[in-house]
Amino acid sequence: MAASPRLTWLDVNTWQLNLGKLTVLIDPWLLGDLVFNNTGWLIRGQRPTPVPIPDSIDLLLLSQGLADHAHPETLAALDKQIPVVASANGADVARDLGFQSVHALAPGETYKLSDQLQIQALPGAPLGPFVTENAYLLTLMATGHTIYYEPHGYPAKQLESMRDVDVAITPIVSLKLPLAGPVIRGGEGAIEVAKLTHPQVILPTAEGGEVTYTGLLSTMLQQSGGAEQLRSQLAAANLDTRVESLRPMESFVLDFAPRTPSLSQI
C-alpha cells in the first residue's frame, strides 16, 4: 500500500510535500540568511541551522519572486535540472539562476507532473498595483486529495467554486507595519479561506518557528490573530475545520479519505 501524503513544514514559507512517489518543495529557504535586495539593515532572517536539501526533488513550486519565496542562495544550491513551476516573477528568478525547465503559470493555468499531480494557479498576494503573485491548488490525481497553498492571506474569489478542499496551507497570523498596512493578513485571510473552501484541515504557514529576525522593520511589525482566534471564528461560522499547528520539521499525514473523486475517475 502506498504511503499517505505527508506535508512537512520546514519553517516560514517552506514546505516539503511527499505525495506518493513525488517530492515537491515549495518556496524553499533552506540555508543562508534571508535578506531582501541586500538591505540586511532593514530586515534579516536567520535560521539556527541549515535544513538538509532533500535527496530527491521532483518539482520546485514558487508562489512569488521575493527572496522569502524564491531564496537565491537556496535556489543556487539546488540541481538546475529540477523542473520549476512558478509565478511570472518567480520564474524570472529561477531562469536567472540557471534552471533549465521553468514553467510560468498565470492564474487559471494548470500544469501536470506526469499522471500524478495537477497544479492550478490562482490569484495570490497583490504586491503592487500591477503585480499579483500566485496561489496554487494541488490535486493528487490518483486519490482526488486537494491542497490549497497561499502564503500571504489573500484568498481568491475563484475558490468559492472549489468547495471541499482537503488541506489549506495559509497564514493565520497577521503582520502589519504602521502606516504601510498589512504585510501578511493571516488573521483575516484564514477565516475567509475556510468559508470559501470548507477545508478539513488548516495548516498555518509564514510564521517564523525557529527563525530570528533583526533589523529596523523587525521592531516595527505588529502581530495579531493566531490559532485560538481562528478556532473561535470557525466555531462561530459552524465550520468543523481543524487547525493543526506544526513545529518546524514536523509533518502532517494526510490520511483521511478524500471528499472528491480522483481525476483518474472523471
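The values are calculated or read from the model by the stated rules, or taken from the named source; none is laboratory data. Quick caveat: nothing in here was measured; it's all calculated off a predicted structure. When we count neighbours, we look across all protein chains shown, and the Cβ atoms used for this are built from the backbone with ideal geometry, even at glycine. Ligands, DNA and RNA are excluded from the accessible area calculation, which covers all protein heavy atoms including side chains. Shrake-Rupley method; radii C 1.70, N 1.55, O 1.52, S 1.80 Å.
Report the residue count in region 153-188 for those that are touching a Gly at 6+ places or on another chain (Cβ under 7 Å), acidic (Asp, Glu) and assigned to a loop (DSSP other than H, G, I, E, B). Write out each step before concluding.
Taking region 153-188 and keeping what is touching a Gly at 6+ places or on another chain (Cβ under 7 Å), we get 153-155, 170-174, 184-188.
Remaining after also requiring acidic (Asp, Glu): 188.
Checking which are assigned to a loop (DSSP other than H, G, I, E, B) leaves us with none.
The number of residues fulfilling the criteria is 0.
Please go through region 53-76 and give me each residue that is over 19 Å from the mean Cα position of the chain (by Cα) and either closer than 18 Å to Trp15 by Cβ or surrounded by 21 or more Cβ atoms within 10 Å (Cβ to Cβ) (or both), ordered by number.
Those that are over 19 Å from the mean Cα position of the chain (by Cα) and either closer than 18 Å to Trp15 by Cβ or surrounded by 21 or more Cβ atoms within 10 Å (Cβ to Cβ) (or both): Asp55, Ser56.
Restricting to region 197-244, name every residue that is assigned to a strand (DSSP E or B) and either under 14 Å from Ile169 (Cα atoms) or in contact with a helix residue (DSSP H, G or I) (Cβ under 7 Å, 6 or more places away or on another chain) (or both).
If we filter region 197-244 for residues that are assigned to a strand (DSSP E or B), which is where we start, we get 201-204, 212-214, 222-225, 242-243.
Of everything in region 197-244, those that are assigned to a strand (DSSP E or B) and either under 14 Å from Ile169 (Cα atoms) or in contact with a helix residue (DSSP H, G or I) (Cβ under 7 Å, 6 or more places away or on another chain) (or both) turn out to be Val201, Ile202, Leu203, Pro204, Ser224, Gly225, Arg242, Val243.
Where the second residue is surrounded by fewer than 19 Cβ atoms within 10 Å (Cβ to Cβ) and part of a strand (DSSP E or B) and the first is in contact (Cβ under 8 Å) with a residue 40 or more places away in the chain and β-branched (Val, Ile, Thr) and lies in region 116-136, which pairs have Cβ atoms under 6 Å and are six or more apart or on separate chains?
These pairs meet every condition: Ile119/Tyr111.
From Glu250, Glu210, grab the single residue that is in contact (Cβ under 8 Å) with a residue 24 or more places away in the chain, open to solvent by 70 Å² or more (accessible area, probe 1.4 Å) and either touching a Lys or Arg at 6+ places or on another chain (Cβ under 9 Å) or not hydrophobic (A, V, I, L, M, F, W, C) (or both).
Numbers: Glu250 fails: open to solvent by 70 Å² or more (accessible area, probe 1.4 Å).
Testing whether each residue is in contact (Cβ under 8 Å) with a residue 24 or more places away in the chain, open to solvent by 70 Å² or more (accessible area, probe 1.4 Å) and either touching a Lys or Arg at 6+ places or on another chain (Cβ under 9 Å) or not hydrophobic (A, V, I, L, M, F, W, C) (or both) leaves just Glu210.
Please work out which residue is farthest from the chain's Cα centre (by Cα), limiting yourself to region 1-21 and to residues that are aliphatic (A, V, I, L, M), in a loop (DSSP other than H, G, I, E, B) and more than 11 Å from Val51 (Cβ to Cβ).
To start, the set of residues in region 1-21 that are aliphatic (A, V, I, L, M) comprises 1-3, 7, 10, 12, 17, 19.
Going one step further and asking which of them are in a loop (DSSP other than H, G, I, E, B), we end up with 1-3, 10, 12.
If we keep only those that are more than 11 Å from Val51 (Cβ to Cβ) too, we end up with 1-3.
Details: Met1: 28, Ala2: 25, Ala3: 22 Å.
So the residue we want is Met1.
Can you list residue pairs whose Cβ atoms sit under 6 Å apart, with the first residue in region 176-188 being closer than 20 Å to Glu228 by Cα and the second being open to solvent by 30 Å² or more (accessible area, probe 1.4 Å) and assigned to a strand (DSSP E or B)? Count only pairs 6 or more apart in sequence or on different chains.
Within 6 Å, the pairs are Lys176/Pro182; Lys176/Gln222; Ile184/Leu175; Gly186/Gly225; Gly187/Ser224; Gly187/Gly225.
Please pick out the residue among Val201, Val173 that is at pLDDT 95 or above, within 30 Å of Trp41 (Cβ to Cβ) and of a type in the set (A, V, I, L, M, F, W, C). Walk me through it before giving the result.
On the way: Val201 fails: within 30 Å of Trp41 (Cβ to Cβ).
Exactly one of Val201, Val173 is at pLDDT 95 or above, within 30 Å of Trp41 (Cβ to Cβ) and of a type in the set (A, V, I, L, M, F, W, C), namely Val173.
For region 133-157, enumerate the residues that are more than 15 Å from the chain's Cα centre (by Cα), at negative phi and not charged (D, E, K, R). Give the steps one after another, and end with the answer.
Of region 133-157, the ones more than 15 Å from the chain's Cα centre (by Cα) are 140-145, 157.
Now narrow it down to the ones that are at negative phi: 140-143, 145, 157.
Those that are more than 15 Å from the chain's Cα centre (by Cα), at negative phi and not charged (D, E, K, R): Leu140, Met141, Ala142, Thr143, His145.
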